[in-house]
Amino acid sequence: GAGRVALLAVLLLCLWCRAAAERLRYSIAEELGRGSLVGPLARDLGLSADELPARKLRIVADDEKQYFTLDEDNTNLRVNDRIDRESICGAVSPCVLSLEAVVENPFDIFHVSVTIQDINDNAPQFNREFVTIEMIESTPPGTRFPLGSGRDPDIGVNSLQNYELTPNPFFSLLVKESPDGTKHAELVLEKILDREKQRNYHLILTAVDGGDPVRSGTAQIKINVTDANDNPPVFTKEIYKVRLMENLPEGSLAFQVKATDNDEGTNAEITYSFGDIASSARQLFSLDPRTGDVKVTGPLDYEERKYYEASVEGKDGGGLTAHAKVHIDIIDVNDNAPTLSLLPILNPIPEDSVPSTVVAVINVRDRDSGENGEVSCKIDGNLPFRLETSSENTYKLIIASPLDRENVSAYNITVTAMDRGSPALSSRTELVLEVSDVNDNAPVFEEAAYSAYVAENNAAGALVLRVQARDADAGANGRVSYWLAGGSAGAAALVSVEARSGALYAQRSLDYEQCREFAVAVRAQDGGAPARSSTATVRVFVLDRNDNAPRVLWPAAGAGGAAPGAAGPAAAAAFEVVPRSAEAGYLVAKVVAVDADAGRNAWLSYELVQASEPALFRVGLHSGEVRTARSPLARDAARQSLVVLVKDHGRPALSATATLHVVLAESLQEALPELSERAAGAEAPAAELQFYLVLALALLSALFLLSVALAVLARLRRAGPPGVL
């Protein structure tokens, strides 16, 4: 039934679409209104409604005038402007308009042809509505008189098909067809004319086409019968074939027609005129009625019209005429430069686009023909792009090598189209393609390793160092943030980094004596997705400050800090015995001191700041050795007290003191009284402490023995008989 027929038609259409994936063909009648449906383009391309937005279906027309468009949902191809087949194609058949359908993701080009079908929208017309024929009465029957041809811009059955003539016993109509299919009407004399009986005749010539409904045009024919002139003019050629260059200047002689007449006098004087000639040709050519010279009076354009046909009439003074055909071929010259139209597909271009990606489609047209219309395209300069031919007039601009936005962020591409004419003509167009950023660069530190120097006892929050990394990418891909990424043990607790500026700040006060240096790793990370990062090492060196006073190790006494030049208090004194027979330079004692600082802050010097007999002793400036400056004298007191100042070289300097008690005696027995007096005050507390310690030990021992005895007795009492107890 009808359902099966419809299903079969759909299947056949699907098969046809698959077979013509590279070219779609539609056919429509001319003069359709705007918005009229041409065909379901998206369906014929195999695109579903769901994938249409992603595929970005567009059309690119070969013609400068956009005759077609896509409807709002990009599914159907529709008429955009009035299509007049006759103005577009003239007599050419079939009349085909070409366009390209472009889709993306993936990119592809489909060639679409729309055939414009002719409708009978033009009636036949004659170049002259009134035709006058001078016919001598002696004209023999059978003589033919060209009536010209009607013109109908339509083609096929809609074009001019036949001629009709008003019935008349003296005249009949003969229709002849030329090799190119054009039909010409000729008037045939059937009987001998008698001017004395009838001087003129009025006929109507009708041209009809084969359209539905039939259209027609008419011309009035007036025949004037003249007296006999027995020799008509004769042209040198029946057909004049002329070839003219389209750039022939106006006023130039195109060609000449020539006719002769064997009569004499006015009957031999020939005047020339155009017979059957199109109005467009009449504006381009003029015929001198006396000489037969045909000159160019208007611009010839091969692209507008390639061929002209006309008939030339030569009439003598007696009214006899002769006719000849003129065929004029216009020869193309290279007078049209190629035209370029660009359709950007991908702009801006991601810099990670792979080679062979299509970024633009270029359509080239040249109105000339032959080699003059053969066009080649190229791009200027050494650029990472190349042109690839898609079809006869279409090129694809393709990425030829990898792009790098950091090197070149935009390209000015000049496309040059040149034909093969002589001389060649060319045209250029420019396309600006921008390259969009991709996060393909990690931040780079100005230095791979940084060193910072911070004096100890700094304030918490003090600036240690500022690191900086640069990222060649743009936008968020080039925005750098900083983080701590490890380092020495405990280093993360000592410093912090500001994420935006890269500034490292001390978290707390640093102590050179506890930590002289440490290292942290700082990571610079951009804002791309995925993010890229790099790491730099920052070594922080703590600089010493003079914040520790010297500490005296011997004599074993507490060293107190003091202002520069002041002696610190000594917690205990050291006793030394020096024989009175000692010579100058005798080593009495050596003061030993250390300083926890470093460098100049730890350089120690010694000096004697107080002595019972200052001239008797001296101290080594750097060694701390206390020696006799001279031999003891009898007048020197047996007991001498010395105070030695130990001072570092810091600014300000810190110091400590050590006290020495020196007894001048030849032997220990001699020195004991002096030592006893000195030690008495110190031994009393020691003896009292020793007494309490012995007493406590005795009490603890007694309590332990009593506890053991009581435990043994209690056990025996529970286990043994009373007698044993």
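Key figures for this structure:
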read-out	value
Helix axis angle, 2-19 relative to the chain longest principal axis, alpha carbon, degrees	70
Straight-distance crosslink candidates among lysines, where the alpha carbon sits under 18 Å from Lys197 and sequence neighbours closer than 8 are dropped	Lys222
Acute angle (nearest 10 degrees) that the helix 668-719 long axis makes with the longest principal axis of the chain, alpha-carbon atoms	80
Karplus (6.51, -1.76, 1.60) ³J(HN,Hα), θ = phi - 60°, over the stretch 43-53, in Hz, Gly and Pro reported as x	5, 5, 7, x, 9, 7, 5, 6, 8, 4, x
Estimated vicinal HN-Hα couplings, Hz - the stretch 189-203 in sequence order (Karplus 6.51, -1.76, 1.60; Gly, Pro = x)	6, 9, 10, 5, 8, 10, 4, 5, 8, 8, 8, 8, 9, 10, 10
Cα pair distances of the stretch 125-226 binned at 10 Å [whole percent]	15, 46, 27, 10, 2
Percent RCO, i.e. relative contact order, over the stretch 125-226, from Cα pairs under 8 Å lying at least 6 residues apart	39
Inverse of mean 1/r across different Cα pairs in the chain, Kirkwood, Å	40.2
Pairwise centroid distance, computed over Cα atoms, of the stretch 53-91 with the stretch 328-403, Å	21
Cα Rg, Dmax (largest Cα-Cα span) when computed across the stretch 22-83, Å	11.8, 34
Nearest-0.05 FRET efficiency for Trp483 and Arg630, computed from C-beta distance (R0 51 Å)	0.10
The stretch 271-349: GluC sites (Glu not before Pro) falling in loop per DSSP and having at most 15 other Cβ within 10 Å	Glu303, Glu304
25 °C / 0.890 mPa s Stokes-Einstein diffusion coefficient of the stretch 339-436, Kirkwood radius on C-alpha pairs, µm²/s	175
J(HN,Hα) series, the stretch 70-84, from Karplus relation 6.51 cos²θ - 1.76 cosθ + 1.60, nearest Hz, glycine and proline x	9, 6, 4, 8, 6, 9, 10, 8, 10, 6, 9, 8, 4, 10, 10
Whole-Å distance, taken between Cα centres, linking the stretch 303-326 and the stretch 523-541	92
Amide H contacts under 5 Å for Glu576, placed H, 5+ residues apart	His661, Val662, Val663
Long-range HN-HN contacts of Gln507 with modeled amide H, under 5 Å	Gly461, Val495, Ser496
Helical mean residue ellipticity (222 nm; -39500 (n - 2.57) per DSSP H run of 4+; nearest 500) of the chain	-4000 deg cm²/dmol
Fraction of accessible area attributable to carbon and sulfur, the chain (%, probe 1.4 Å)	53
Cα Rg, Dmax, the stretch 434-506, angstrom units	15.1, 55
Using a Förster distance of 30 Å, the FRET efficiency for Thr429-Arg78 (Cβ separation, nearest 0.05)	0.55
The stretch 18-163, accessible area per residue, ligands and nucleic acids excluded (1.4 Å, Å²)	49
Within the stretch 149-164: backbone nitrogen closer than 11 Å to the Ser36 label point (7 Å, Cα to C-beta)	none
Distance between the stretch 234-256 and the stretch 583-609 - C-alpha centres, whole angstrom	130
Kirkwood hydrodynamic radius of the stretch 234-331, from inverse mean 1/r over distinct Cα pairs, in Å	13.8
Full-stretch length increase - Leu693, Ala54 - with 0.36 nm per residue and alpha-carbon distance subtracted	220.0 nm
Percent antiparallel among DSSP beta bridges (both partners in the chain, rounded to 5)	80
Over 21 Å between alpha carbons, listed pairs Lys590/Lys647; Lys258/Lys325; Lys176/Lys315	Lys176/Lys315
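The values are calculated or read from the model by the stated rules, or taken from the named source; none is laboratory data. This one's a predicted model, so the numbers in the text were calculated from it and none came from an experiment. When we count neighbours, we look across all protein chains shown, and the Cβ atoms used for this are built from the backbone with ideal geometry, even at glycine. For the accessible areas, the whole protein counts, side chains as well, though only heavy atoms, and no ligand, DNA or RNA atoms are used. Shrake-Rupley method; radii C 1.70, N 1.55, O 1.52, S 1.80 Å.
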